[in-house]
Structure formats: C-alpha cells, structure tokens
Amino acid sequence: MRLEIVRVDTVSMDRLQQELETVSPTTYCRLNVAVPILRLYFEDGSDLRPSLRLSRQTITSLIAVLKSDSDHGWEIDVEVLVFLYWLAHAASYRVVSMAFYPIPKSSVHDIVHKMSQAVISILRKLITFPTPDDLEAVGAGFAQLAGSPAFNMVAGAIDGCHIRIKPPASDAACYFNRKLFHSIQLQAIADHKGKFLDIFVGYPGSVHDARVLKNSTVYTGRLYPPAGKCILGDGGYPCLSAPICLITPYRKPVQNPARFNTKHARARNIVERAFRMLKTRWRSIFFKALEVSPAFVPDIGACCAVLYNLCLQNGDIIDPEVVEDPDNDPPEPQNTEASTGEDVRDNLAAAVSAPDNCVSVCALNEHDYLQDNLTG
C-alpha cells in the first residue's frame, strides 16, 4: 500500500512529493504530517531541540546510522521521532500516542523498545576506548585541564550517577540509595573532552560506587587504562595500581598533597561536567522517577549515553546546568585482592610539586610501560 499523507498547507509540497517517491513498497502505515512534531520535522530549518532535545543534524545522523534495507512498517524517521519524543519527556505511551496520532499506544510501546535496542546496537561505534595514537592527545588534554604536564599519564576520569525509578514491587530496599530515592546506577569513564569511553549500567542504587567498579568489565577484564596510564576518580573509589590504575585524591591534604588534590580535581571535573550535560539534555530521564520496569532502565541509560556521544560528534553542545551537589560516596574498605596505588599517587604528587613540573612521567612508575606496550 502506498504511503498516505494528510495534506497540510504549511508543509513543503516538494518534501511531501519526495517522501512519496522514496517510500518503500512494504510500507503499510499512514503518516499524518498534521501532527505538530512531524510538521516541525518536515519544515526544513526549524529547531527540534525544544521538543526532541537533539539538533536536526544529530537526528539526521542518527537516522542515517540506524537505517536498514529491511525496515518496514512505520518509516524509520517516524520511529526515531517517536522514540526521541518519549525519551525527551519520559511521558506515558498513551501521551506519546496522542502526540503522534494515529499511532496506537501498543505501537508506541513496541517502537520505544525496538529503537532502544537499535541505539544500543551502535553503542560500540560511539562509545569506544581511544586508539594508541589517540592516547597522547588524551593525556595532553588532561595535562592542560590540570595545569600540570605530570597529568599527561591520565587516560580518563571515572564517576557514576543515579537514574531515578519507581520503587519496584520486590526488593525495593536494594534500589534505595544514600540520597534517599530509588535508582539504578550508571558508571562512565570520560576523556579530556567529556566523551564517554566506557559505560556500565544496571546496578541498584544502594550499591557502593567502588563495588560497582569492581564488578564492571573494565575492572574485571583489565580493559582500561593501558599500562603506564591511569584514570582519575573521586574519594569514593579506592586508590589502585592493579588490576587497573586508578588515582584518587588524598583524604587529608597538607602542603604538596593539597596542591596535587587541586590539580587532580581540575582534571577529574571533566567527567562531572559530562554528567551535568547528560542530565541537562535528558532532564525527564534523570530528574523524575521512570515508570517503566527496572529491567528496562539500563537500556534507557545506555541510550542516553550513546546519544550524548553522538551529539558531541555532531557539535550539538548544550550548556550544563548545576543539577546536583557532588555528593561522593564514603570510602569503601580496601579490597585486599587489589594493589593500592598510593606509590603511584605519591610519585604523581611529587611530579606536580617538582620545580617547573619537569619530572619525567616515566619516573612515576619507574619504568616506561607505555613505550614497552607500543613497541612490544
């Protein structure tokens, strides 16, 4: 059946004709461009961010990467718009159905779940670790953020945030976090530009940040950072040299350590800024309790992270708001199976405090692990 379009005077007839000519023969649904959101989409040049939280360029890029020859049913453009509208407003399926009349509520449910899986399928294309050639630029970026060349050994910064949920019928206490609401956690590692390099989402809100880290694949698989590099974390994480190198600030700073903590905070702040941008863009996801199954929440968090990186890739930047105080977890008892990173931190602090910061980065670990890694 051919695609039927309700005629609207304000919609470009050339665009409508183009839609009719390019539609797949398998399309069997009816596109009603009288719907306000669709009118905005078909009017070239209109700003979509107030309604969909993404720029037109980002949405076009998303549609291009998700498009498939096997698409059928509702056009991919419509399905993406339905999904983004639901994500932007965290509205019920009934409300979204009314906004995209005549799409029924059951179809909205199917589209949201289908598109969430489609977005997750491109996760590894957008959320990836830097290549060995990119590591030098990442280290230089963190050195600039910290204001000290000693920090060019840094390959990322780690932090976590909470996604609010309605208390589930069972095991509700497991999801009740220290901030006194029910949630599921999202852990992320960001580079010097705030791009997510890795995410780990799904643990209940009551679990300590350090425990989430120790159960993540980046920790258990020793995936990142590479040898000779480290990542930065706040005081809620343990200071480690193995199985991954994670450097945290000193707890009771005096003199040189105080200076190190200042530099450390300047460099690590990029991941907090990344989370503020993420929450500012998807306010309805992070600041209202999602009325979906807790099993679906990790998919939503992953989709938000993927779209965040896609926005950065397309220059779709949003000014972060101060959405919450950095209320870090208290330290967790040290894991005896892991190696502490205090010696690495002491050497890094010494490099920060050295005259003109001219201490060799290789001396921090007393060996040029990065060079060995690249040449071996």
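The values are calculated or read from the model by the stated rules, or taken from the named source; none is laboratory data. All values reported here derive from a predicted model rather than from experimental measurement. Reconstructed Cβ throughout: ideal geometry from the backbone, glycine too, with neighbour counts over all protein chains shown.
Inspect the stretch 79-98 for any residue being touching a residue at least 40 places away in the same chain (Cβ under 8 Å) and among the β-branched types (V, I, T) and give the result as yes or no.
no
Output the strands (runs of 3 or more DSSP E) that fall wholly within the stretch 145-244 and possess 1 or more residues being touching a Phe, Trp or Tyr at 6+ places or on another chain (Cβ under 6 Å) and in the same structural domain as V306 (by TED's automatic domain parsing), or say none.
154-164, 183-190, 196-204
Please count how many residues of the stretch 245-269 are assigned to a strand (DSSP E or B) and either farther than 13 Å from R345 by Cβ or of a type in the set (D, E) (or both).
Counting residues in the stretch 245-269 that are assigned to a strand (DSSP E or B) and either farther than 13 Å from R345 by Cβ or of a type in the set (D, E) (or both) gives 0.
When the stretch 147-180 is examined, which residues are found to be within 24 Å of A90 (Cα to Cα) and either touching a strand residue (DSSP E or B) at 6+ places or on another chain (Cβ under 6 Å) or among the polar types (S, T, N, Q) (or both)?
Those that are within 24 Å of A90 (Cα to Cα) and either touching a strand residue (DSSP E or B) at 6+ places or on another chain (Cβ under 6 Å) or among the polar types (S, T, N, Q) (or both): G160, C161, H162, I163, R164, I165, P167, S170, C174, Y175, F176, N177.
Among the residues of the stretch 287-324 satisfying the criterion of being exposed (fewer than 13 other Cβ atoms within 10 Å of the Cβ) and over 19 Å from the mean Cα position of the chain (by Cα), which is modelled with the highest pLDDT?
S293
Taking I158 as the residue in question, decide whether it is over 30 Å from E79 (Cα atoms) and of a type outside the set (S, T, N, Q).
Numbers: over 30 Å from E79 (Cα atoms): yes; of a type outside the set (S, T, N, Q): yes.
For I158, the condition - over 30 Å from E79 (Cα atoms) and of a type outside the set (S, T, N, Q) - is met.
So A88 fits all but one of (1) crowded, with 22+ Cβ neighbours inside 10 Å; (2) touching a Leu at 6+ places or on another chain (Cβ under 6 Å); what number is the exception?
For A88, the exception is condition (1).
Out of the residues in the stretch 36-49 that are more than 16 Å from V82 (Cβ to Cβ) and modelled with pLDDT under 90, which is surrounded by the fewest Cβ atoms within 10 Å (Cβ to Cβ)?
G45
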